[in-house]
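I have placed the structure first, in the form of structure tokens, so that the comments after it can refer back to it.
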Amino acid sequence: MLEQALNGLQFGLMLFLLASGLTLVFGIMDMINLAHGALYMVGAFLAAWLVQLTQSFLLGVLLSVGLTAVVGMLLEATLLRTLYARDHLSQVLATFALILIINESVRMIWGSDLALSAPQALSGPVQLLPGLLYPSYRLVIIAVGLAIALLLFVLVTKTRMGAWVRAGASNREMAMAMGINIKVLFTGVFGIGAALCAVAGAMLGPLFAVQVGMGENILILAFVVIVIGGIGSVWGAFVGAILVGFVDTMGRTLLPHLFREIFSPQFASAAGPAVASILVYLLMAVVLFVRPQGLFSGRS
Amino acid sequence: MSFPLVKSLVTLAATATLTIQPALAADKVKIGFVSTLSGPSAALGVDIRDAFMLAVKLNGGKLGGLPADVSISDDQFKPDVGKQLFERYVKRDKVDFLTGVVFSNIMLAGLPEAVDNKTIYLSPNAAPSPIAGAQCTPYFFAVSWPNDAYHEAAGQYATNLKVKSAYLLAPNYQAGKDSLAGFKRFFKGNVSGEVYTKLGQLDYSAELAEIRAAKPEVVYTFLPGGMGINFIKQFMAAGLNKDIRLIQPGFGSDQDVIRAVGNDMLGIFDTAHWGLDLPNEANKKFVAEFEKEYKRLPTIYAAQGYDTALLIDAAVRAANGKIEDKEALIKTLKTVKFNSVRGDFRFNTNQYPIQNYYLREIQKDSQGRLVNRIVGQPVLANHGDAYVKDCPMK
């Protein structure tokens, strides 16, 4: 049970890294960025490539985070900036096109997949409690996720830039009227979002697979997280991500058991996995029904 | 009369016969090859393709004496893409044979296109139970092995070992269900857990925690391609290999998985219809030529792709190149003999193979590489499938 909780926490924290960038961009710039998942993929590919090149996991990941931030800021400054004034449909169309372009570009540069393994020192388990072994790499992911979440909270709640961000999320016109340089702020926020994507991509690469199209699957979950948490709220993204991480992990293991208790074995073995895979969407539907604005809305 | 004139008269006569006779010999064999060539499970499709093309190359670019025109496409691990490719090859390119698909769900999506248009599909891997039983069709040949067979052999092996409890894991799709049904059919012990995960799932943390809690003697998984590689790596990283034995179907611990996982694979047992060290001449040639051409050892998938090309070669030759007559060609395919790398086998009435299944263990070879070695006598000898009784074909 404790092990499952750790698994849920680990997955939730990585989702948070993705969702926090997405929610800020959505909340502050009122921009639906479907290409957010593509940045996650770019981060993972850069990490896999640089880890191979530098022969150091840490160095490769750090470089990939920096480079992905640059890629994100370039995208914002050259292309996405022109979309802020448009309606959501145009943004969805344009960023969807961007997904296809980035996917194929990555395929041209690196091929359709790259190998990325956890460092040798972290490939084994560690003993947490008597009888409870846990993979050390997953513990590192939890530590990194918590550290970044903490950093982000300090950044958003204690610094001037954080105040601008919160002001922008809650009322964009008013923030502009108060003399905040929105252009620079937006580029900065986008860069941070891209960097967080890269951290998630690089850390999850060894657990999943670094491949073209990896961003789309997880992007859907990231959107679920921000809808649950409330658009524009970093705290909401955190709570939403942990919730989704837990529900997904627990659902996959507990639900089939529960079904076996209640229904016939045949029905349970067919319905259990099916319901488990839609559980997070059920959660989203319930949240939308009870609180349409999400658990913690960032907007006033 | 000078010779050139005779020659041209003969040519003229030949042309005339050509237009009269419907069952003429074709001038080439057109083959549509659809497989998974990108993504985490690409290694499987790549091995089938490489071995198939190796057989064509060793034959001087011909199959059955006719030039082989092989067109290769990637199904991207998506059933809808696979179905479109089948349709294109059948309707637009009018190929003589379709082959290549790794995954049952993709093959099942495309197969109706082939059957409805009377195009023969030779399966180098996917051989799902419905096509073996009530839905069997003369246009489908399983050159590989019935989806359940490896798992039946593994179940029998676990029974031979007197294993008391086994935990089973497979993706939630046709082949996943076939596989665990196969294991349970021959396993006499207690099944302490039977879990179906999403197809394509790559993170198994939740399932591994369940396994740790269930404390089974043996874990048996059916997780082809990237899924299996991730599972075994995470199984080792969680330290479960210390107390629990992992038994695999042959492809689950084949060369592609060994390459990805490394030394932790040593000593794992699996079951398969083929092995690198099967002592027949065709296999020795295949393994040597494959390694020479691609600088890696072949997998089961490669053996199946190679055999598929050999079957086409033998059937086209036996039909004297008259591949337009589908009914005659199907009859030929059913009975034609060729030197399969697995040794002797024959097609059952449902056109699924009857053959031996062996136990293999991962050991170090003389060069220090990890390889699968066949251990002892076949676990199941001359074994068919459980569904043939539902197939109306004779």
- line: In the structure shown, of B:K83/B:K364; B:K285/B:K331; B:K30/B:K292; B:K57/B:K118; B:K83/B:K177; B:K78/B:K394, the pairs separated by more than 31 angstrom at the C-alpha atoms are B:K83/B:K364; B:K78/B:K394
- request: Using only Cα atoms, locate the centre of segment B:337-394 and the centre of segment B:226-262, then give the distance between them in Å, rounded to an integer.
  value: 22
message: Nearest 10 degrees is fine. How inclined is helix B:226-237 to the longest principal axis of chain B, computing both from alpha carbons?
response: 20
message: Which cysteines in the protein assembly as shown lack any other cysteine whose Cβ sits under 4.7 Å from their own Cβ?
response: A:C197
- request: Provide the net charge surrounding B:P171, with neighbours chosen by a C-beta distance below 12 Å and charges set as Lys +1, Arg +1, Asp -1, Glu -1.
  value: 0
Nearby aspartates and glutamates by direct alpha-carbon distance to B:K215 (threshold 14 angstrom, same-chain neighbours under 8 apart not counted): B:E194, B:E207, B:D243
- prompt: Among the lysines, which fall within straight-line cross-link reach of B:K188, defined as a Cα-Cα distance under 16 Å, with same-chain neighbours fewer than 8 residues apart omitted?
  reply: B:K162, B:K164
field: Shape category assigned to segment A:195-272 from the gyration tensor of Cα positions, a/c cut at 1.5
entry: oblate
query: Rounded to the nearest 500 deg cm²/dmol, what is the calculated helix-only ellipticity per residue at 222 nm for chain A, with -39500 (n - 2.57) per DSSP H run of length n ≥ 4?
result: -26000 deg cm²/dmol
- line: Going from the fewest other Cβ atoms within 10 Å to the most, one would list B:L63, A:L59 as A:L59, B:L63
field: Positive minus negative residues near B:S35 (Lys, Arg vs Asp, Glu; Cβ under 9 Å)
entry: -1
Euclidean distance between Cα centres, segment A:110-187 to segment B:74-151, Å: 46
message: Based only on other Cβ atoms within 10 Å, what is the fewest-to-most ordering of A:T159, A:T253?
response: A:T159, A:T253
message: What do you get for the angle between helix B:205-214 and the principal long axis of chain B? Use alpha-carbon atoms, 0 to 90 degrees, nearest ten.
response: 50
- request: Report the local net charge at A:L255: Lys and Arg +1, Asp and Glu -1, summed over other residues whose C-beta lies under 14 Å from its C-beta.
  value: -1
- prompt: Once you average over the residues of A:3-12, how many Cβ atoms of partner chains fall within 10 Å of each Cβ?
  reply: 3
task: Excluding residues on the same chain fewer than 8 positions from B:K28, give the aspartates and glutamates whose Cα lies under 14 Å from its Cα.
output: B:D69, B:D93, B:D96, B:D313, B:E324
statement: Counting only backbone N atoms under 19 Å from a point 7 Å out along Cα-to-Cβ of B:N117, the residues of segment B:303-331 in range are B:323-327, B:330
message: Using only the alpha-carbon atoms, how far is helix B:104-116 inclined from the longest principal axis of chain B? Give it as 0 to 90 degrees, nearest 10.
response: 20
Cβ crowding within 10 Å averaged over residues, with B:364-375, B:249-260 ranked highest first: B:249-260, B:364-375
- prompt: Is the shape of segment A:2-212 best called rounded, prolate or oblate, per the rule: a/c under 1.5 gives rounded, else a/b larger than b/c gives prolate, else oblate, with a ≥ b ≥ c the square roots of the Cα gyration tensor eigenvalues?
  reply: oblate
statement: Shape call for the protein assembly as shown, from the Cα gyration tensor axes a ≥ b ≥ c (a/c under 1.5 means rounded, otherwise prolate when a/b beats b/c, else oblate), comes out prolate
task: Using only C-alpha positions, report the orientation-averaged shadow area of the convex hull of chain B, nm², one decimal.
output: 21.0
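Values quoted throughout were computed directly from the atomic coordinates according to the rules given, and no laboratory measurement underlies them. Nothing here was measured: the structure is a model prediction, and the numbers come from that model. Backbone-built Cβ (ideal geometry, glycine too); neighbour counts: all protein chains shown.
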